[in-house]
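Since the structure comes first, as structure tokens, the remarks are kept for the end.
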Amino acid sequence: MSRTLRTTLLSLTLIAGLAACGSVKDDDGDSATDAAKAESSSAFPVTIKHKFGDTKISAAPKRVVVIGNGGTDDVDALYALGVTPVAVSKDSFASDGVYPWLKDRIDTKKTKLLDTVNGVDYEQVAALQPDLILATSDFTLDKDYKKLSAVAPTIGFATAWGQQTWQQHVQVVGKAVGKERQAEQVIKDTEADIDKVRANHPKMAGKTYSLSIGNTPAKIFTIASESDFAAKLMGELGLGLTPSVKNIKTVSGSPTGELSFEQLDKLDADLVIIAFTTKDLQKAFESSALVKNMSAVKKGDYLVTDVETVSQLRSPSVLGIPWALDNLEPGFAKLDK
């Protein structure tokens, strides 16, 4: 993949504005299995409305393909509901093509990894003989939908890419595969994981944070609005954005703010979280006198995480949320002091 394409994809995932692990736990015994099968068969036919029209699904899908480099919402929901897709778009930043929080879920002998970052190979998709295509996280769906829907019933995003919450993604997928009751349980399980993190760190309540990424020389991109999905998730933990980032220049009207190296002191908070795409960018950031003088840095309340953690926070998915919060645990622990 070219440097330009990698930069574009990263920007879409981490910089572009967003409007805003649990697992299925059935009762033991054959009765629970029979009940699940009954629910699934009685759910069809079903019609799902989305931006591109109404998609009718006549029977429980058996060969599901997931298209989209804009997030793993559909993939996560399927695996959380016990459905193995026949193919999914691969993680273009992982050497094995699998998102880190799904490494114990995706078996590449059963699920083909599709390289869709340069565009969808419609013939390849058709050869998989899907009976359902989930594409709610495909940020190029405006041009892909017509051809994908000619292959199989295709579900797109509700109104615009990046607008749906992770809960809404799970609900849509649950309805599409005939597992709406299980979908609600999956949502409750992940919400319980979030509540557990908050309960384990009561001293976080009322503390401030900044969440940023360094992927460009002499510039930092940071969450600048409580409307960002990452900010909403952090808010559920009791944390609030540091006030100094809320009035900075934003990127194309998104919840992401842009800071020059002369403004790095604005990132100071009770907890400063940042990811870098290269070690050189991290070194340049940490060598700044403004960074060295941050109260958070002086106290050690500074956490460097990885790009995929920030990406997951910005575009949270049902199985990725617990993984990302676990990666931030060292930072949360700092606030217990």
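The values are calculated or read from the model by the stated rules, or taken from the named source; none is laboratory data. Note that the structure is predicted; figures quoted are calculated from it, not measured. Positions of Cβ are backbone-derived with ideal geometry, glycine not excepted, and every protein chain shown enters the neighbour counts.
Look at the range 48-67: where a residue is under 16 Å from LYS110 (Cα atoms) and a partner is hydroxyl-bearing (Ser, Thr, Tyr) and part of a strand (DSSP E or B), sitting 6+ places away or on another chain with Cβ atoms under 7 Å, you get VAL66/SER89.
If you scan the range 42-96, which residues turn out to be among the β-branched types (Val, Ile, Thr) and either touching a Lys or Arg at 6+ places or on another chain (Cβ under 7 Å) or surrounded by fewer than 19 Cβ atoms within 10 Å (Cβ to Cβ) (or both)?
Those that are among the β-branched types (Val, Ile, Thr) and either touching a Lys or Arg at 6+ places or on another chain (Cβ under 7 Å) or surrounded by fewer than 19 Cβ atoms within 10 Å (Cβ to Cβ) (or both): VAL46, THR47, ILE48, THR84, VAL86.
Scanning the range 6-16 turns up no residue that is touching a Pro at 6+ places or on another chain (Cβ under 9 Å), within 30 Å of ASP326 (Cα to Cα) and modelled with pLDDT under 95.
Evaluate the range 178-194: report whether one residue or more is within 17 Å of the chain's Cα centre (by Cα) and polar (S, T, N, Q). Yes, the conditions are met somewhere in the range 178-194.
Would you confirm, using the coordinates I've provided, whether ALA135 is at pLDDT 95 or above and within 18 Å of the chain's Cα centre (by Cα)? Break it down stepwise before answering.
On the way: at pLDDT 95 or above: yes; within 18 Å of the chain's Cα centre (by Cα): yes.
Yes: the conditions hold for ALA135.
Taking helices (runs of 4 or more DSSP H) as the structural unit, no element lying wholly within the range 158-245 holds at least 3 residues that are over 20 Å from LEU319 (Cβ atoms), modelled with pLDDT under 95 and of a type in the set (D, E, K, R).
The residues on offer are THR256, THR309, and the sole one that is within 18 Å of the chain's Cα centre (by Cα) and under 24 Å from ASP189 (Cβ atoms) is THR309.
The lone criterion from (1) touching a Gly at 6+ places or on another chain (Cβ under 8 Å); (2) surrounded by fewer than 21 Cβ atoms within 10 Å (Cβ to Cβ); (3) more than 23 Å from PHE93 (Cβ to Cβ) left unmet by MET204 is number (2). What do you reckon, is LEU281 closer than 24 Å to ASN69 by Cβ, at pLDDT 95 or above, more than 15 Å from the chain's Cα centre (by Cα) and surrounded by fewer than 23 Cβ atoms within 10 Å (Cβ to Cβ)? So LEU281 fits the description; yes.
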